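Visitor: I'd like to ask you about the structure that follows.
The values are calculated or read from the model by the stated rules, or taken from the named source; none is laboratory data. On a predicted model such as this, the values are computed, not experimentally measured, just so you know. No Cβ is skipped: glycine too gets one built from the backbone with ideal geometry, and neighbour counts run over all protein chains shown. Just so you know, the surface numbers come from the protein's heavy atoms only, side chains and all, with ligands and any DNA or RNA stripped out. Shrake-Rupley method; radii C 1.70, N 1.55, O 1.52, S 1.80 Å.
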Amino acid sequence: MRLLEAYQYVYFLLLTATPYRHDGQGLRDMAHALVEATTPRQLIAIGAIADPIYYSEPDEEEAPAEQAPQRAKLMGDVVQTWLARSGGAPSIYRAVNRAHSRALVERFRKAGARAEHLDGDTPDPVRVRMLGRLSVGGQASDHPEALDVVVTGGTILEEGFDSKKSYLAGALADPSLWVRGEPPVYSPLAVLGCAARTRSRGAWVQRLGRVTRVHNADAVYAMARAPWRLPDGRSGTGLPSRVKRRALTLCHSGNLERHGFLVEHEGFDLYGDATGAGGAKVGGGHRAAPVTCRACLAVSPSGTLLCAGCGAALARGSMDIP
């Protein structure tokens, strides 16, 4: 009221990456105009974010939301798919719940992966250190404390998680994770595994966003020359890091088929989510089926000509006909 009393016109700027509600309804009761400042497709085109390579093995059964772990076949597929597709790169996984998360961790460990479970009850110092260990991990890392996979049964890693910040806070700032007195090598997060269904397209897009951060050769060079200073007074110049060559999404939840690819997250207005926030219709019709590469089994949006996973030409047929 004070603003209205002081000014003739009062403007409110609302910021969101998901301008729709859970049910797909728009925000017309909250705003007068919608400006789509940029889109994931545009950001990918200029190299600002990475476009994940997708592999999908959707589960046919709805897993109990509060009961324990999903059927053994799905859990086994999760680990075997990671072994076959991930290249051992640092990974985070979204499980159905805590019990499912702990079960997946045990399966990863039995398969030879260094894995830990994370949830909201994990003490902050343990969480910071755990994510720091993941940021120096992956199977290419010989760091004695490295992790390959962190699994959670909740939303704790779905918004704002940044592996580089986790490296700075949880690895660089922890002397016990230094190697022979030198800062450990940063390994950027490269793999998102999803084994939990969601009816929220916004939640799905947030999950995808965790692996879209770019760490290319230019970023490696900049990090190797950048000055740094820690709260305890230590300082220096240059931090070692590995190039992130690709981002992967390994989907076992059906969310890819339900909510679509990151590049499809565009074309919004105030009157509803044209691309289907709840996995509904697209542009008056149903979302076109993804195209599966016969060579490597990666899936791509309908109409894609070359597979992002292996570069093979994708077969064209009825799925590509509008």
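Visitor: Could you please state how large a percent of the accessible area of the chain is carbon and sulfur, counting protein chains only and using a 1.4 Å probe?
Guide: Numbers: 9100 of 16920 Å².
Here carbon and sulfur together make up 54 percent of the probe-accessible area.
Visitor: Follow-up question, since we're still on this one. Could you list which residues have their amide H under 5 Å from that of Ser302, counting only those 5 or more apart in sequence or on another chain, with H placed in the peptide plane?
Guide: Val291
Visitor: When the chain is treated as a GNM, springs tying every alpha-carbon pair under 10 Å, which of Asp29, Asp148, Asp119 comes out with the largest mean-square fluctuation?
Guide: Asp29
Visitor: Here's another thing I want to ask about it. When the chain is fully extended, how far beyond the present Cα-Cα distance does Thr39 get from Arg2, taking 0.36 nm per residue of separation? It would help to have the intermediate numbers written out before the result.
Guide: On the way: separation 37, 0.36 × 37 = 13.32 nm, distance 3.58 nm.
Extra length available between Thr39 and Arg2 comes to 9.7 nm.
Visitor: Could you tell me the distance between the Cα centroids of the stretch 79-111 and the stretch 195-217, to the nearest Å?
Guide: First find each Cα centre; the distance between them is then 17 Å.
Visitor: Now for a separate question. How would the stretch 104-174 be classified by its alpha-carbon gyration tensor: rounded, prolate or oblate, with rounded meaning a/c under 1.5 and the a/b versus b/c comparison settling the rest?
Guide: Numbers: a/c = 1.79, a/b = 1.08, b/c = 1.65.
In terms of gyration-tensor shape, oblate.
Visitor: Starting from the amide H of Gly272, placed 1.01 Å from N in the peptide plane, find each other amide H under 5 Å away whose residue is 5 or more places distant or on another chain.
Guide: Gly26, Leu27
Visitor: Moving on to the next point. Of all the stretches in the chain, which is the longest one without any exposed loop site, taking chymotrypsin sites (Phe, Trp or Tyr not before Pro) in a DSSP loop (any state but H, G, I, E, B) with at most 16 other Cβ atoms within 10 Å? Before the final figure, lay out the partial values.
Guide: On the way: sites that count: Tyr7, Tyr9, Tyr11, Phe12, Trp178, Tyr271.
Answer - 13-177.
Visitor: Suppose only helical runs count, i.e. DSSP H with n ≥ 4. What mean residue ellipticity at 222 nm does that imply for the chain under -39500 (n - 2.57) per run, divided by all residues and rounded to the nearest 500 deg cm²/dmol? Each step should come with its number before you reach the end.
Guide: Numbers: 9 runs with 78 residues, N = 322.
So the helix-based figure for the chain works out to -6500 deg cm²/dmol.
Visitor: Something else now. What shape does the chain take by its C-alpha gyration tensor, where a ≥ b ≥ c are the square roots of the eigenvalues and a/c under 1.5 counts as rounded, a/b above b/c as prolate, and the rest as oblate? List each step's numbers first, then the result.
Guide: Working: a/c = 1.57, a/b = 1.19, b/c = 1.32.
Cα axes put the chain in the oblate bin.
Visitor: Once amide H atoms are built 1.01 Å from N in the peptide plane, which residues 5 or more positions from Tyr93, or in another chain, come under 5 Å H to H?
Guide: Val150, Val151, Thr152, Gly193
Visitor: Over the chain, with a Gaussian network built from C-alpha contacts below 10 Å, which listed residue (Thr16, Thr81, Thr155) shows the highest mean-square fluctuation?
Guide: Looking only at Thr16, Thr81, Thr155, the biggest GNM fluctuation is shown by Thr16.
Visitor: For the chain, set up a Gaussian network in which alpha carbons nearer than 10 Å are linked by springs, and say which option among Ala224, Ala115, Ala173 fluctuates the most.
Guide: Largest GNM mean-square fluctuation: Ala224.
Visitor: Give the peptides 301-312, 236-247 in descending order of average Cβ contacts within 10 Å, highest first. Each step should come with its number before you reach the end.
Guide: Details: 301-312: 14.9, 236-247: 16.8.
Those peptides, ordered most packed to least, come out 236-247, 301-312.
Visitor: Counting only other residues whose beta carbon sits under 13 Å from that of Ala226, what net charge do I get with K and R as +1, D and E as -1? Spell out each step's value before the answer.
Guide: Details: positive: Lys164, Arg225, Arg229; negative: Asp218.
After counting each charged neighbour, the total is +2.
Visitor: Keeping all protein chains in place, calculate the accessible area per residue for the chain (probe 1.4 angstrom), answer in Å². Could the numbers behind the result be given before it?
Guide: Details: 16920 Å² over 322 residues.
Per-residue value: 53 Å².
Visitor: Next question. For the stretch 190-253, rounded, prolate or oblate, judged on the Cα gyration tensor with a ≥ b ≥ c (square roots of eigenvalues), a/c < 1.5 rounded, else prolate if a/b > b/c? Please list the in-between numbers first.
Guide: Working: a/c = 3.72, a/b = 2.26, b/c = 1.65.
Taking the square roots of the gyration eigenvalues as a ≥ b ≥ c, the stretch 190-253 is prolate.
Visitor: Under the Karplus relation 6.51 cos²θ - 1.76 cosθ + 1.60, θ = phi - 60°, what is the ordered set of whole-Hz ³J(HN,Hα) values for the stretch 175-192, x standing for Gly and Pro?
Guide: My calculation for the stretch 175-192 gives x, 5, 9, 6, 10, 6, x, 10, x, x, 7, 6, 10, x, 4, 10, 10, 10 Hz in order.
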